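Notes for the one structure printed next.
The values are calculated or read from the model by the stated rules, or taken from the named source; none is laboratory data. Bear in mind that the values here come from a model prediction, so they are computed numbers and not experimental data. Every residue, glycine among them, receives a Cβ derived from its backbone with ideal geometry; neighbour counts consider all protein chains shown. These area figures cover heavy atoms from the full protein model, side chains too; ligands, DNA and RNA do not enter into them. Shrake-Rupley method; radii C 1.70, N 1.55, O 1.52, S 1.80 Å.
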Amino acid sequence: MSIYRQSRSAIRKIVFGDTLIPQEFTIGLIDPQTEITVFLHGMGAPIVVTRRLTTACCAPLVLGVSLDEGQWAAGSGHCKLSLRFYERAGAKRLLGEIWLESRAVIPLDCTELHLFDVLGSINHCLPRPRLWAHFLSQAYSNRRNVGSFDVKMTARELRAAIVTFIRPHPLMLGSLIGEAGGNMFPMNLMGELGNGYFAFALKDSRRAAHLVEDAGRISLSNVPLPLCSTAFQMAVNHTKDSISWDQLPFALKTSKEFRIPVPAAAPRVRELQVEQIRKIGSHTLFIARIVSDEKYSDDLQVHMIHGFFQHWRMRDRKSELAASLAADLLNKRGLARS
Ligand SMILES: Cc1cc2nc3c(=O)[nH]c(=O)nc-3n(C[C@H](O)[C@H](O)[C@H](O)COP(=O)(O)O)c2cc1C
């Protein structure tokens, strides 16, 4: 290694320590996750919204929180609204907070989906100097590469998006049958809304969003750990009209009502009928009714979290952190870290 490279690597070690972890980090958890509770603050008593929360769009960053009909009107104050992310066990520490500003309300049956813009956020997963070292380095890199991004998020939005991934997001394979044939692609911008509703966001500039729009229905399969690297490799399908089912490297079965091909090993399959479509910005928000929800096993399923939260989860457990980095690489690329 050249002297330049050696010094660069030494400086990075001093600045970032052991926090250079992939931002999109994969872990295996039982579904539904029980590590994080999310509260909505600012309307009187805090409201648990862990399973009523979704990202509706990335640029602008818009978050959706569903409340029961009348819950918003019954609340008091509605000022300094925020989402607070707490560890569920142990000392129940506050790990992150996102301040919100009301943007729109979408009425649903017995439910209201409140859409919020993001005013700011704080992240407690890393010590502040390390956190800001990452933010400054990301800002520098984003400035240099801004021309190559099709989703242009502000620094404030990027920091808040990191906080949203303190709550583990299940990775799913969405499959559908459209006019051009079938397709299957990975998804993680999604969330339950309660009262039989589910929402997900797809990039407007990719084919997947338009295929769902045309088909009006989709099957969502949770991903077991052994299928993770294959699911990642299927990201390219977001850009395709269709794929050949018989080229997929895993066995298929059909979903219960829609008879759409889904992975035979899927531990859980939901079928969704799209009811509303909102084009917000970089992403289109789909609000759907759950038509069926079949659970086949309690095995560990792939969840995505932010690398900062993984560092916090593994604090004081250096060897486990190293092992989890190797597992993440294996999950994504089917490769062990050398
Ligand atoms: C694990 C994973 C999850 C993804 N989840 C979503 C999603 O929820 N919504 C979406 O629009 N795209 C999702 N994508 C697709 C990517 O954002 C991207 O559009 C896709 O990989 C195609 O690459 P490109 O945009 O660079 O052409 C996901 C990709 C991966 C690998």
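Looking at Glu157, Glu112, which one is charged (D, E, K, R) and assigned to a strand (DSSP E or B)?
Residue meeting the stated conditions: Glu112.
Taking the condition of being more than 16 Å from Arg51 (Cα to Cα), open to solvent by 20 Å² or more (accessible area, probe 1.4 Å), in a strand (DSSP E or B) and in contact (Cβ under 8 Å) with a residue 12 or more places away in the chain, how many residues in the range 79-106 meet it?
6
Evaluate the range 176-186: report whether one residue or more is closer than 20 Å to Val38 by Cα and either among the hydrophobic types (A, V, I, L, M, F, W, C) or under 21 Å from the mean Cα position of the chain (by Cα) (or both).
no
Restricting the range 219-230 to residues that are touching a Lys or Arg at 6+ places or on another chain (Cβ under 9 Å) and part of a strand (DSSP E or B), which is farthest from Gly174 (Cα to Cα)?
Asn222
For Met304, are the conditions met, namely being among the hydrophobic types (A, V, I, L, M, F, W, C) and in contact with a His (Cβ under 7 Å, 6 or more places away or on another chain)?
Criteria met by Met304.
With the condition kept exactly as written, say whether any residue in the range 52-69 is out of contact with any helix residue (DSSP H, G or I) (no Cβ under 8 Å at 6 or more places or on another chain) and in a loop (DSSP other than H, G, I, E, B).
Checked the range 52-69: at least one residue is out of contact with any helix residue (DSSP H, G or I) (no Cβ under 8 Å at 6 or more places or on another chain) and in a loop (DSSP other than H, G, I, E, B).
Counting only residues that are of a type in the set (A, V, I, L, M, F, W, C), in contact (Cβ under 8 Å) with a residue 24 or more places away in the chain and out of contact with any strand residue (DSSP E or B) (no Cβ under 7 Å at 6 or more places or on another chain), how many does the range 128-150 have?
Summing the residues that are of a type in the set (A, V, I, L, M, F, W, C), in contact (Cβ under 8 Å) with a residue 24 or more places away in the chain and out of contact with any strand residue (DSSP E or B) (no Cβ under 7 Å at 6 or more places or on another chain) in the range 128-150 gives 2.
When you scan the range 37-50, do you find a residue that is within 24 Å of Lys332 (Cα to Cα) and surrounded by 14 or more Cβ atoms within 10 Å (Cβ to Cβ), even just one?
No, the range 37-50 contains no residue that is within 24 Å of Lys332 (Cα to Cα) and surrounded by 14 or more Cβ atoms within 10 Å (Cβ to Cβ).
Within the range 188-210, how many residues are closer than 30 Å to Phe308 by Cα, away from the ligand (no atom under 14 Å from the Cβ) and surrounded by fewer than 23 Cβ atoms within 10 Å (Cβ to Cβ)?
The number of residues fulfilling the criteria is 2.
Would you mind finding the one in Arg333, Arg268, Arg337, Arg313 that is away from the ligand (no atom under 16 Å from the Cβ) and at pLDDT below 95?
So the residue among Arg333, Arg268, Arg337, Arg313 that is away from the ligand (no atom under 16 Å from the Cβ) and at pLDDT below 95 is Arg337.
Evaluate the range 296-312: report whether one residue or more is open to solvent by 90 Å² or more (accessible area, probe 1.4 Å), touching a residue at least 40 places away in the same chain (Cβ under 8 Å), of a type in the set (D, E, K, R) and farther than 22 Å from Val223 by Cα.
no
Could you tell me which residue of the range 211-235 is most open to solvent (accessible area, probe 1.4 Å), considering only residues that are away from the ligand (no atom under 12 Å from the Cβ) and over 23 Å from Ser297 (Cβ atoms)?
Top of the filtered list is Asp214.
Does Ile177 meet the test of being in a strand (DSSP E or B), closer than 18 Å to Val262 by Cα, open to solvent by 10 Å² or more (accessible area, probe 1.4 Å) and away from the ligand (no atom under 11 Å from the Cβ)?
Taking the combined requirement at face value, the residue satisfies it.
If you take the residues of the range 245-269 that are among the basic types (Lys, Arg) and closer than 20 Å to Pro226 by Cα, which of them is least open to solvent (accessible area, probe 1.4 Å)?
Only one residue fits best here, namely Arg268.
Whether any residue in the range 150-163 is within 12 Å of the ligand (Cβ to nearest atom), open to solvent by 10 Å² or more (accessible area, probe 1.4 Å) and more than 30 Å from Gly70 (Cα to Cα) is what I want to check.
yes
Scan (1) within 11 Å of the ligand (Cβ to nearest atom); (2) outside any strand (DSSP E or B); (3) buried (at least 17 other Cβ atoms within 10 Å of the Cβ) for the single condition Phe185 breaks and write down its number.
Status for Phe185: all satisfied but (2).
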